[in-house]
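To start, the structure under review is shown below, and the notes come after it.
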Amino acid sequence: MPSSTTSEKGSQPSQATFRFRCIGCGGMTGSAAQDFRCSECGNLLEITDASWNSHNPIALKSLWRERRTLNAALDLSGVWRFRELLPVPESGEYVVTLREGNTPLYELPQSSRATGISRLYAKHQGINPTGSFKDAGMTVAATFARQAGYRWVACASTGNTSASMAAYAARGGMRSLVLVPEGKISWSKLSQALDYGALTCQLRTDFDGCLRLLQELVRRAPVYQLNSINPFRLEGQKTLALELLEQLDWQPPDHIIVPGGNLGNSSAIGKALLEMLEIGLIPRLPKLSVIQAEGANALVRTLREASGKRLVSVEAETRATAIRIGNPASWEKAVKVLQATGGACEQVSELEIAEAKAAIGAEGIGCEPASAVTLAGLKKLLHQGFVKAEETVVLVLTGNLLKDPDFTMAFHRGDLFRGTAQEQESLKLNSFRHPPVVIDATLDAVIKTLEQAEKSDATDSNA
Ligand code: F0G
């Protein structure tokens with residue numbers, strides 16, 4: 001069996017050739033400071049590699065396809081399978097992998113019918129080892145942390161990054177420090193970090209406060225930060241787009257729609273699309289659109305009120321706690337990819353998120369609330385005429401349904417909007433609710449319940 005770390009001689013990556021490039025002034029360096037910012041202008045760094053352009057696209061496509069039949073640990077990973085377009089460590093022995101990636105692309109027949117979009121897909125990143133898209137980036141960043149010899153890795157998180165980081169640190173023999181906002185992340189995510197052995201600090205602040213503190217910490221203590229400011233994370237997350245295009249036989253969809261929080265993922269997907277176009281892997285760019293919760297809409301406001309030139313921060317509030325972020329670190333990267341691909345940026349209400357999440361659940365797929373903003377946003381973009389019914393659309397579902405059971409239970413029990421301004425309006429979502437029923441443990445009681453369900457199904461279908 002392949003191990004979680006690799007040492008197979010045949011799968012040794014070649015010597016590293018990548019460089020760091022500042023997204024502001026374009027300055028290039030061979031190494032990055034702990035805060036992953038340009039020493040000249042202070043902007044964020046990204047990774048680039050001149051060798052990426054030297055590949056023959058047809059040869060790459062067949063190499064990547066062939067690797068799906070191989071059993072070496074690097075090939076079993078849906079991230080490292082695409083290593084020709086990734087920064088590679090000095091030796092395969094540093095690679096920390098949990099066989100991330102390889103996530104399904106599902107059709108969404110019910111939502112297709114409801115929206116009129118016949119080619120509507122969900123790329124489900126919740127089907128990753130720790131249940132979110134973070135694993136694709138974490139395998140790369142944890143690998144480089146290990147190569148650099150760090151004992152401690154650290155992150156600020158709304159829950160998924162911390163779960164993923166803790167898992168990869170544990171597999172890579174490193175200690176992990178987690179900073180999360182107290183009371184504002186789901187128990188399910190917090191419990192993952194605990195089980196994977198993280199030192200978990202619940203701070204009396206929000207995500208933005210946690211991230212600020214982490215920035216100060218990395219200047220004072222020898223810890224390696226694994227937030228998406230870390231450009232190795234974004235390189236791994238690029239593979240979402242590579243794998244998606246491979247699943248679509250390299251025919252680009254018209255639209256890819258992704259949730260926006262700290263804006264690392266949209267930046268990574270956009271970077272991958274631009275690189276794929278440059279290399280000749282795809283003939284044209286899909287439009288990449290970012291959807292935020294109304295209560296955490298910093299990018300929406302940055303584009304509307306400041307034409308994308310300066311960040312408009314917000315005091316974030318949403319039940320989609322994964323994207324409860326008011327001061328997104330990668331906003332400039334996201335603005336660039338939105339502009340380059342011609343995508344849109346929209347916001348959706350708490351009610352729209354709850355409805356969309358229930359609709360994705362009803363497809364037998366499910367996702368966490370933050371992922372559901374994609375379907376809610378699609379409906380808006382369709383209504384605005386930005387997306388057309390005859391176009392091909394891919395929604396990126398970022399987290400697994402099991403990530404936030406409290407939200408799901410509150411929704412089905414009818415408690416989610418109780419006591420809020422949307423309580424009355426939320427009644428229109430009743431047809432999506434399936435609360436559990438408590439009945440006597442008798443055959444009669446079960447049969448009666450079944451008959452009642454049958455009757456109400458018939459009423460619904462006649463309605
Ligand atoms: N969806 C989920 C499920 C997330 O966990 C996140 C971010 C996002 C979307 C937004 O992605 O930040 O790249 O724009 N979660 C981070 C965390 C912030 O700490 O887990 P982004």
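Restricting attention to the range 166-199, the residues being open to solvent by 20 Å² or more (accessible area, probe 1.4 Å) and hydroxyl-bearing (Ser, Thr, Tyr) number 3. Just one of the listed residues (Leu245, Leu288) is of a type in the set (A, V, I, L, M) and closer than 22 Å to Ser77 by Cα, namely Leu245.
Filtering the range 388-415 to residues that are touching a residue at least 40 places away in the same chain (Cβ under 8 Å), surrounded by fewer than 24 Cβ atoms within 10 Å (Cβ to Cβ), farther than 21 Å from Ala322 by Cβ and not charged (D, E, K, R) leaves Ala389, Thr392.
Among residues of the range 228-249 being of a type in the set (A, V, I, L, M) and under 21 Å from Thr161 (Cβ atoms), the one that is surrounded by the most Cβ atoms within 10 Å (Cβ to Cβ) is Ala241. In the range 393-423, the qualifying residues are those that are in a loop (DSSP other than H, G, I, E, B) and among the hydrophobic types (A, V, I, L, M, F, W, C), and the one that is nearest to the ligand (Cβ to nearest atom) is Leu416. Taking the range 310-337 as the range and being more than 14 Å from the ligand (Cβ to nearest atom) and either under 16 Å from the mean Cα position of the chain (by Cα) or of a type in the set (Asp, Glu) (or both) as the test, the residues that pass are Glu315, Glu317.
Residue count for the range 250-265 under the criterion of being of a type outside the set (A, V, I, L, M, F, W, C) and either away from the ligand (no atom under 16 Å from the Cβ) or surrounded by fewer than 24 Cβ atoms within 10 Å (Cβ to Cβ) (or both): the result is 5. Among the residues making up the range 203-227, those that are closer than 21 Å to Gly261 by Cα, more than 12 Å from the ligand (Cβ to nearest atom), open to solvent by 20 Å² or more (accessible area, probe 1.4 Å) and out of contact with any helix residue (DSSP H, G or I) (no Cβ under 8 Å at 6 or more places or on another chain) are Arg204, Arg212, Leu213, Gln215. Scoring Ser307 on the criteria (1) in contact (Cβ under 8 Å) with a residue 60 or more places away in the chain; (2) of a type outside the set (D, E, K, R); (3) open to solvent by 30 Å² or more (accessible area, probe 1.4 Å) leaves a single failure, condition (1). Residues in the range 115-124 that are open to solvent by less than 10 Å² (accessible area, probe 1.4 Å) and under 18 Å from Leu245 (Cα atoms): Leu120, Ala122, Lys123, His124. Looking only at residues in the range 367-392 that are of a type in the set (A, V, I, L, M) and within 24 Å of Ala163 (Cβ to Cβ), the one that is nearest to the ligand (Cβ to nearest atom) is Ala370.
Scanning the range 140-165 for residues being in contact (Cβ under 8 Å) with a residue 12 or more places away in the chain, open to solvent by 10 Å² or more (accessible area, probe 1.4 Å) and out of contact with any Lys or Arg (no Cβ under 7 Å at 6 or more places or on another chain) gives a total of 5.
Sort out which residues of the range 80-114 are open to solvent by 40 Å² or more (accessible area, probe 1.4 Å), outside any loop (DSSP other than H, G, I, E, B) and either in contact with a Pro (Cβ under 6 Å, 6 or more places away or on another chain) or of a type in the set (Phe, Trp, Tyr) (or both), and write them in order of number. Hits for the range 80-114 are Tyr94, Tyr106.
Restricting to the range 266-300, and then to whatever is open to solvent by 10 Å² or more (accessible area, probe 1.4 Å) and more than 24 Å from Arg67 (Cβ to Cβ), can you tell me which residue is farthest from the ligand (Cβ to nearest atom)? That would be Arg284. Scanning the range 312-329 for residues that are free of Cβ contacts under 8 Å to residues at least 24 places away in the same chain and β-branched (Val, Ile, Thr) gives Val312, Val314.
Does Ile127 satisfy the criteria of being on the phi < 0 side of the Ramachandran plot, open to solvent by 40 Å² or more (accessible area, probe 1.4 Å) and not in a helix (DSSP H, G or I)?
yes
Only one of the listed residues (Ala340, Ala358, Ala354) is away from the ligand (no atom under 11 Å from the Cβ), closer than 21 Å to Asp404 by Cβ, part of a helix (DSSP H, G or I) and open to solvent by 10 Å² or more (accessible area, probe 1.4 Å). That residue is Ala358.
The values are calculated or read from the model by the stated rules, or taken from the named source; none is laboratory data. It should be emphasised that the depicted structure is a prediction, and the values quoted were computed from it without experimental measurement. Cβ sites come from the backbone with ideal geometry, for glycine too, and all protein chains shown count toward neighbours. Surface accessibility is based on the protein's heavy atoms, side chains included, excluding ligands, DNA and RNA. Shrake-Rupley method; radii C 1.70, N 1.55, O 1.52, S 1.80 Å.
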